[in-house]
Amino acid sequence: MQLSRLRIGLVGPLPPPEGGMANQTRQLGELLAGEGHAVELVAVNADYRPRWVAGLRGLRALFRLIPYLVHLWRMAGRAEVVHVMANSGWSWHLFAAPAVWIARLRGVPTVVNYRGGQAPEFLARSAWLVRPTLRRAGALVVPSGFLRDVFGAHGLVAEVLPNIIDRERFCAAAGRRDGGPRLLVARNLEPLYGVDTALRAFASLRERYPDAQLIVAGGGPSAERLLALAASLGVAQAVTFTGRVGVERMAALYRDADVLLNPSRADNMPNALLEAMASGVPIVSTNVGGVPYMVEHGRTALLVPVDDAYAMAKAAERLLEDAVLHARLRRAGLEEASRYAWPQVRERLLDVYERAAHGGPSATAVSSG
């Protein structure tokens, strides 16, 4: 499909810090600009001005919100379509919903790209508030069948538009490295992501592989607690907490890993799984949320129950012990990752823009039922 060059307003978080949605926003903007479209980015996490406002809890949101709304209004006056990267909770109410309403006031079609991993809980509480906003949007797209089904349960029609993986940056290593097993966790250090389970699984695995190493790539409020847990488990010397890392270093960490551990307690479509598959790294993940919509147990990953450190350790041990299984998951992951490359996603995205811009019947966000 060849769509005429568009003026696109792209609304969402941008790095820093590095994160799934922020990286997707930045990457999408770069790819669309590379296609010749005029992209204007409106960051929902712009720096506080003046900087000292960041220390004023309660008031700082206002100092960010007012400039954001002004930028939205101006951008919507220049754009032909507005693409909103949306999340759950207060992020929806403060940033996504205003973007839809302002675009509507300016007569500009909106594509809502919802990707919040806690959508079931959020919609259970707030679907009655979300519906009026989505009625003003030209299209609702989500990155997984999991979220499509979650919205469908509330009478909201969404279509799947997969996340995009940079296959040039995230690619498999040419050969095996020397040394003991190296496991990787690529999640923020928050209770939601269950890094404590990965640490306990790793401590169990070290009994079988005393030279194993665990790399925890991410930052967050649970850092001190997780450092203390690693020490109490006796594995602190074998665990490296990198803090937040940029995409180039993250890509290198994948290439150096033997297994990815994804211990999330709730999830939608984690970029870590896409990046691992594209990098040829077999996955052990909890079987939660949208994960089983992304990967298939025994084919592209090994799935285990949430908070089950023993099961996670045994699954990782299977991959390290069984070279045939490791290679099979690696090949299947590489093949699966090709579905998320820009050439495949591009056509679907431009089709969504076309239908949203022309107000076709398939662009509705709310079912009639």
* Asked: Between HIS358 and ASP307, what length in nm is gained on full extension when 0.36 nm per residue of separation is reduced by their alpha carbon distance?
  -> 13.7 nm
* How much FRET efficiency would the formula 1/(1 + (r/R0)^6) give for ASP47 and ARG208, where r is the Cβ-Cβ distance and R0 is 45 Å, rounded to 0.05? -> 0.45
* To do: Evaluate the distance, in nm, between pseudo-label points positioned 7 Å from the Cα of ASP149 and of GLN237 along their respective Cα→Cβ axes.
  => 4.6
* **Rounded tilt (10° steps) of 323-337 against the dominant C-alpha axis of the chain** => 10
* Asked: Relative to a virtual label point 7 Å from the Cα of ARG265 in the Cα→beta-carbon direction, which members of the range 159-196 show backbone nitrogen distances below 19 Å?
  -> 185-196
* Gain upon complete extension [ARG167, ARG339; 0.36 nm per residue less C-alpha separation] -> 60.9 nm
* To do: Using only Cα positions of the chain, each an equal point scatterer, no hydration layer, compute I(q)/I(0) via Debye at q = 0.10 Å⁻¹ and quote the log10 values to two decimals.
  => -0.65
* Can you give the extra length, in nm with one decimal, that the chain gains between GLU121 and LEU325 once fully stretched, where that is 0.36 nm per residue apart less the Cα-Cα distance? -> 69.8 nm
* Suppose R0 equals 41 Å; then what is the FRET efficiency for LEU69 and ARG348 from their Cβ-Cβ distance, rounded to the nearest 0.05? -> 0.85
* Structure fact -> Helix-only [θ] at 222 nm, the chain, -39500 (n - 2.57) per DSSP H run of 4+, per residue, nearest 500, equals -13000 deg cm²/dmol
* Asked: Tally Lys and Arg at +1 and Asp and Glu at -1 over the other residues with C-beta under 11 Å from the C-beta of GLY298: what net charge comes out?
  -> +2
* To do: Starting from 0 in steps of 5 Å, tell me what percent of the Cα-Cα pairs of the range 182-339 lands in each bin.
  => 2, 10, 21, 25, 23, 14, 5, 1, 0
* Structure fact -> Rg from C-alpha atoms of the range 9-50, normalised by the globular rule of thumb 2.2 N^0.38 Å, equals 1.18
* Asked: Where does helix 195-206 land angle-wise versus the long Cα axis of the chain, in degrees 0 to 90, nearest 10?
  -> 20
* To do: May I ask for the net charge around GLY243, where only other residues with Cβ less than 11 Å from the Cβ of GLY243 are counted and Lys, Arg are +1 while Asp, Glu are -1?
  => +1
* Take HIS83, HIS297 and order them by how many other Cβ atoms sit within 10 Å, fewest up front. => HIS297, HIS83
* Starting from the amide H of ILE8, placed 1.01 Å from N in the peptide plane, find each other amide H under 5 Å away whose residue is 5 or more places distant or on another chain. => ALA38, VAL39, GLU40, GLU80
* Computed E for GLU224/ARG78 - FRET, C-beta separation, R0 56 angstrom, nearest 0.05 -> 0.80
* GLY9: net charge of surrounding residues, Cβ under 11 Å, Lys/Arg +1, Asp/Glu -1, itself excluded? -> +2
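No value in this document is a laboratory result; all are computed from the given coordinates. If you're wondering where the values come from, they're calculated on a predicted model, not measured in any experiment. Note that each Cβ is placed from the backbone with ideal geometry, even for glycine, and that neighbours are counted across all protein chains shown.
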